Amino acid sequence: MMKKIVFLFLVILNIGLSFAACIPKDNNVTLGNNNNNDAMTDNKIAISVNGHQLTATLVDNSSAQALVELLRKGAVTVQAHEYGGFEMVGTLPQSLPRNDEQITTTAGDIILYQGNSICFYYASNSWNFTRLGRIDNAESLNLKNIFGSGSATFVLSLPEPTAVNGMTAENNAKKTEVYNAEGQLIAFSTDNIGHGVFIVKETLADGTTNTRKVKL
């Protein structure tokens, strides 16, 4: 009986060692699903309204990602109007994916409603809609006064880059365009464009251009 137990133990031990030998000795291997392909790479936008320059931090969802992709094509102007005593709402040039949930807003929240309306909140409201982001330092701003009453024009854009591969960009740069080695326009910012050789073209406020080759 003892011999059978010892034999069985040796068989199990041998199977375990064989199985362990099949596992790659790679410290970078992670068990489970760790897919970060949808992680936000751009999470800031610039907002101009009534002479005020604001920035906002976007959340990490497909709606905010789609907004960034829209702004990569150029600035978006939204003609907004006051609604309900708590928000300014306007229509986007195209619909964005929806990630609706029950949300109670606070001043500074940026909300997507029904896929094609963007709302800038200066007071609280509770409804089922999609969160896009939040105006930075909203707690210290009087957004009601900044937005005004009746109607306002909001201009949304991606912030200009402040550095390229360790080099400071021109302070008076008006627009930045990034081209690949084949001369195709691929982005309006050098942030997160990957590695390679790129042509960066800056159009300055005085209308002159500055073009240089950059290796990232």
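With a 1.4 Å probe and all protein chains in place, put L185, L143 in order of accessible area, largest first. Could the numbers behind the result be given before it?
On the way: L185 80, L143 5 Å².
Correct descending sequence by accessible area is L185, L143.
Convex hull volume of the Cα atoms in segment 55-142, per residue, in Å³?
Working: hull volume 8.1 nm³, N = 88.
Dividing the Cα hull volume of segment 55-142 by its residue count gives 92 Å³.
Between L216 and T153, full extension at 0.36 nm per residue minus the direct alpha carbon distance yields a gain of 19.0 nm. Given a 1.4 Å probe and the protein chains as shown, Y179 ends up with an accessible area of around 50 Å². Cα centroid separation, segment 132-160 to segment 38-102: 11 Å.
Which of the pairs K73/K201; K175/K213; K44/K215; K44/K175 have their Cα atoms more than 22 Å apart in this structure? Walk me through the numbers on the way to the answer.
On the way: K73/K201 15 Å; K175/K213 16 Å; K44/K215 24 Å; K44/K175 17 Å.
Over 22 Å apart, Cα to Cα: K44/K215.
The values are calculated or read from the model by the stated rules, or taken from the named source; none is laboratory data. These figures come from a predicted structure and were not determined experimentally. Side chains included, ligands, DNA and RNA excluded: accessible areas come from the protein's heavy atoms. Shrake-Rupley method; radii C 1.70, N 1.55, O 1.52, S 1.80 Å.
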